[in-house]
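What follows is a short report on a single structure.
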Amino acid sequence: MVNEVNKIIRLEFNSIIADGPNTMLLLGLYSKLYLNGQAPRTCKAQMFKYFNELKRTGIMKAETKQKIKERTLVPNWNGKKYLRGGAIIDSNTITDEQAFNLLDKEVLDKKDFKTLPKKKVEKKEVKKADKKA
């Protein structure tokens with residue numbers, strides 16, 4: 001998905017509008033990254049806004065989506081979870097890295113996960129090995 005975003009943001013807006021496949025790629029990417037799969041508007045003004053939004057934050061959004069797909073953790077809750085300090089995390093979008101950091105800061109506990117993120121498990125095994133040595 002990151003490659004597709006890079007492909008679109010390298011092009012000029014008018015060339016995207018003139019080419020059907022690129023127009024569909026723009027609309028498809030925006031739909032996946034910002035609208036959770038819902039249909040985007042197809043007028044030229046809206047597509048220009050979509051194009052500019054992809055240029056500003058598209059790569060970051062695509063990388064985040066990729067991390068979510070590759071995660072190893074399984075949360076023990078569904079939906080949003082409110083944390084101390086006013087932070088909110090969602091069980092569908094939390095990444096391994098975020099979970100690892102929250103576990104390290106003891107904001108979340110082991111009981112919050114059915115399966116811990118792999119980084120956390122690997123780090124604990126290393127700590128246990130160091131203590132035994």
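The values are calculated or read from the model by the stated rules, or taken from the named source; none is laboratory data. The model shown is predicted, which means the values in this text are computed figures rather than measured ones. Every residue, glycine among them, receives a Cβ derived from its backbone with ideal geometry; neighbour counts consider all protein chains shown.
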Show the residue pairs meeting these rules: Cβ distance below 6 Å; 6+ apart or different chains; first residue within region 30-48 and surrounded by 13 or more Cβ atoms within 10 Å (Cβ to Cβ); second residue of a type in the set (D, E, K, R). Leu33/Lys61
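Only one of Lys61, Lys65, Lys32 is outside the structural domain of Lys110 (by TED's automatic domain parsing) and modelled with pLDDT under 90. Can you tell me which?
On the way: Lys61 fails: modelled with pLDDT under 90; Lys32 fails: modelled with pLDDT under 90.
Answer to the selection: Lys65.
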I'd like the full set of residues that are more than 26 Å from Lys32 (Cα to Cα) and hydroxyl-bearing (Ser, Thr, Tyr), limited to region 83-118. Thr115
From Tyr34, Tyr50, residue being among the hydroxyl-bearing types (Ser, Thr, Tyr) and either farther than 27 Å from Phe100 by Cα or in contact with a His (Cβ under 8 Å, 6 or more places away or on another chain) (or both): Tyr50
Six or more apart or on different chains, Cβ under 7 Å: which pairs go from a residue in region 1-24 that's more than 19 Å from Ala45 (Cα to Cα) to one that's of a type outside the set (A, V, I, L, M)? Could you list them? Met1/Lys65; Met1/Gln66; Val2/Glu63; Val2/Gln66; Val5/Gly58
Thr64 vs. criteria part of a helix (DSSP H, G or I) and within 14 Å of the chain's Cα centre (by Cα): yes
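Got a number for residues in region 88-133 being outside any loop (DSSP other than H, G, I, E, B) and either modelled with pLDDT of 85 or more or under 11 Å from Arg71 (Cβ atoms) (or both)?
Of all residues in region 88-133, those outside any loop (DSSP other than H, G, I, E, B) come to 88-90, 96-104, 110-115, 118-132.
Now drop any that are not either modelled with pLDDT of 85 or more or under 11 Å from Arg71 (Cβ atoms) (or both), which leaves 88-90, 96-104, 110-115, 118-119.
Matching residues across region 88-133 total 20.
Could you count how many residues in region 43-79 are within 20 Å of Ile17 (Cα to Cα) and in contact with a Pro (Cβ under 9 Å, 6 or more places away or on another chain)?
So the first thing to find is which residues in region 43-79 are within 20 Å of Ile17 (Cα to Cα), and the list is 43-56, 58.
Pick out the ones that are also in contact with a Pro (Cβ under 9 Å, 6 or more places away or on another chain) and you get 46-47, 50.
Residues in region 43-79 being within 20 Å of Ile17 (Cα to Cα) and in contact with a Pro (Cβ under 9 Å, 6 or more places away or on another chain): 3 in total.
I want to confirm something. Restricting to region 77-87 and keeping residues that are of a type outside the set (Ser, Thr, Tyr) and under 19 Å from Lys114 (Cα atoms), which single residue is surrounded by the most Cβ atoms within 10 Å (Cβ to Cβ)? Write out each step before concluding.
Here is the first cut: in region 77-87, the ones of a type outside the set (Ser, Thr, Tyr) are 77-81, 83-87.
Checking which are under 19 Å from Lys114 (Cα atoms) leaves us with 77-81, 83.
Working: Trp77: 13, Asn78: 9, Gly79: 8, Lys80: 11, Lys81: 17, Leu83: 12.
Checking each candidate, the answer is Lys81.
Sort through Arg71, Arg41 and tell me the only one that's outside any helix (DSSP H, G or I) and closer than 30 Å to Lys118 by Cα.
Numbers: Arg41 fails: closer than 30 Å to Lys118 by Cα.
Step by step, each of Arg71, Arg41 is checked, and only Arg71 is outside any helix (DSSP H, G or I) and closer than 30 Å to Lys118 by Cα.
Does Ile17 satisfy the condition of being surrounded by 15 or more Cβ atoms within 10 Å (Cβ to Cβ), within 30 Å of Lys105 (Cβ to Cβ) and among the aliphatic types (A, V, I, L, M)?
no
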